[in-house]
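The values are calculated or read from the model by the stated rules, or taken from the named source; none is laboratory data. Note that this is a predicted model, so its numbers are computed, not measured. Cβ placement follows ideal geometry from the backbone for every residue including glycine, while neighbour counts extend to all protein chains displayed. For accessibility, only protein heavy atoms count, side chains too; no ligands or nucleic acids. Shrake-Rupley method; radii C 1.70, N 1.55, O 1.52, S 1.80 Å.
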Amino acid sequence: MPSLPKFTRISWRDAWATLVPVILLIGVALWITLKFVQPAPPNTITITSGPEGSSFASFAQRYQKILARQGVKLKIVPSHGSLENLQRLGDWSQDIDIGFVQGGLAGQADIGQLYSLGSIFYTPVYLFYRAPKPITRLSELSGRRISTGREGSGTHVLALALLKANGIEEKDAKLVQLEGEDAEQALVHKEIDAAFIMGDSATFANVRDLAHGEGVRLFAFQQAEAYVRRFRYLTKLELPAGALDLGRNLPPEAVTLVSPTVELVARSQLHPALSDMLIEAAREVHGRSALFQKAGEFPAPLEHEYPISDDAQRYYKSGKTFVYRHFPFWLASLIDRIVVVLVPLMVILIPASNIVPRLYKFRISQRIYRRYAELMALERAAFLETTNKERIDLRGRLDKLEEAVIKLKVPGSFADQVYLLRSHINFVRARLSQAN
């Protein structure tokens, strides 16, 4: 009984030879994707805020409640104010992610890996003082006892800078480091002659209380235009008459102030999803109209001393991404990472689903077609002048070729090609017999 071809359902050797390069390509794509894709966003971040009871601390607590609604825990670390916040952010040995930093402090720390998520509010410079008559220039405070805020606060740094610009340094006045309630009480009880009050070391309640203080005046920056040109991070503001107390009309007339803006500063490693969430929290906390700002004015991508992060720029232009806009934070972060991994895989798998079957068929067909080259060589030899011995040798070679074809392990779907090849072998064998 003649041998029958060995048909299989699938040729695993050819299948693996075809699939292995694709699998390796997918592996490389996954490795590259996972290497550069952002890790899952953490559910806990840390903010450095300000002294207990300050405006900065109050804002941080509001951020904490907003983020908690999204399942993110915000740890609040009190500080002396903006300067300490900036120094902590620049010190990578400290576990700090974000912080409130007022303008004018960039030269006080390493800011190479720090980015701004946007300006979030004004923090005006309030200077309250005691004097028999109003003073019009800061230089008139020479020789007085002046509270410049606690060291580590933005108040302290800015107060020293403004005094120095007016020729007052430590040798020219008695500078004391008081903040908030302590500075307020010291001025009320005449223990000091003047006090710089700002949001990173005090509250607006301290400002209102001092406005009611007997014999206490609020300094008007009549040279505001000169200040904002010299100190580029300052903005000229106006405190309207009666803004601190409508009933008693305090202040009795509009007062010109200067103010830096406060920025929400983050480290470069902050996850994009958390960046979006923090800007949304800033919009909820600082986006309403207030004494010195219009509704919607803050947060704003105003680049001052720190570059605006790419994620913040993208958010200000187009808002949150689709998944974070429509799904809970934990689910959105999972979907986001799955999509990031699936996209490069689909780029490979979709073309591969078309190419791999073709390559598989090509490999098996080639194993059959290679035998045709041998068959054609035998057929050409059969039509030459041959001896009996050479014809016997040709028949033997035909038999071996047919045996090799019979032993080919190919899928059953290629049976037609195998049997066609065997019929061609028989055709050549018959021609060889006729030539005999």
- Helix-only [θ] at 222 nm, the chain, -39500 (n - 2.57) per DSSP H run of 4+, per residue, nearest 500, equals -16000 deg cm²/dmol
- Measuring with a 1.4 Å probe in the full set of protein chains, what accessible area per residue, in whole Å², belongs to segment 131-203? 43 Å²
- Out of F204, F383, F100, a Gaussian network model of the chain with alpha-carbon springs under 10 Å gives the largest mean-square fluctuation to F383
- Query: Between E284 and S365, 0.36 nm times their residue separation minus their Cα-Cα distance comes to what?
  - Reply: 22.4 nm
- Message: With a 10 Å cut-off between alpha carbons and a GNM built on the chain, which of A381, A312, A173 moves the most?
- Response: A381
- Task: List the relative contact order of segment 59-156 as a percent without decimals, with contacts defined as Cα pairs under 8 Å and 6+ residues apart.
- Result: 32 percent
- Candidate residues L375, L24: accessible-area rank, largest first, probe 1.4 Å: L24, L375
- Item | Exposed-site-free run, longest, the chain (rule: GluC sites (Glu not before Pro); DSSP loop; at most 15 other C-beta within 10 Å) | 53-150
- Message: Can you bin every Cα-Cα distance in segment 89-160 into 10 Å intervals starting at zero and give me the percent of pairs per bin, rounded to whole numbers?
- Response: 14, 40, 27, 15, 5, 0
- Message: Using the Cα atoms of segment 388-436, I'd like the radius of gyration and the largest Cα-Cα distance, Dmax, both in angstrom.
- Response: 12.4, 40
- Task: Let me have the relative contact order for the chain, percent, based on Cα pairs under 8 Å that are six or more residues apart.
- Result: 22 percent
- Comparing G104, G396, G154 in a Gaussian network model of the chain (Cα, 10 Å), the one with the largest mean-square fluctuation is G396
- Length-normalised contact order for segment 141-270 - Cα pairs under 8 Å, 6+ apart - percent: 20 percent
- Roughly what % antiparallel, to the nearest 5, for the DSSP beta bridges in the chain? 65 percent
- Query: What does the charge dipole of segment 200-239 about its Cα centre add up to, to the nearest 20 debye, if the Cβ of each Lys and Arg holds +1 and the Cβ of each Asp and Glu holds -1?
  - Reply: 280 debye
- Note on the structure: By the Kirkwood definition, with r running over pairs of different Cα atoms, segment 194-290 has a hydrodynamic radius in Å of 16.0 Å
- Item | Area projected by the alpha carbon convex hull of the chain, averaged over all directions, nm² | 33.5 nm²
- Message: If I take R0 = 45 Å and measure r between the Cβ atoms of K73 and V176 in this structure, what FRET efficiency does the formula 1/(1 + (r/R0)^6) give, to the nearest 0.05?
- Response: 0.75
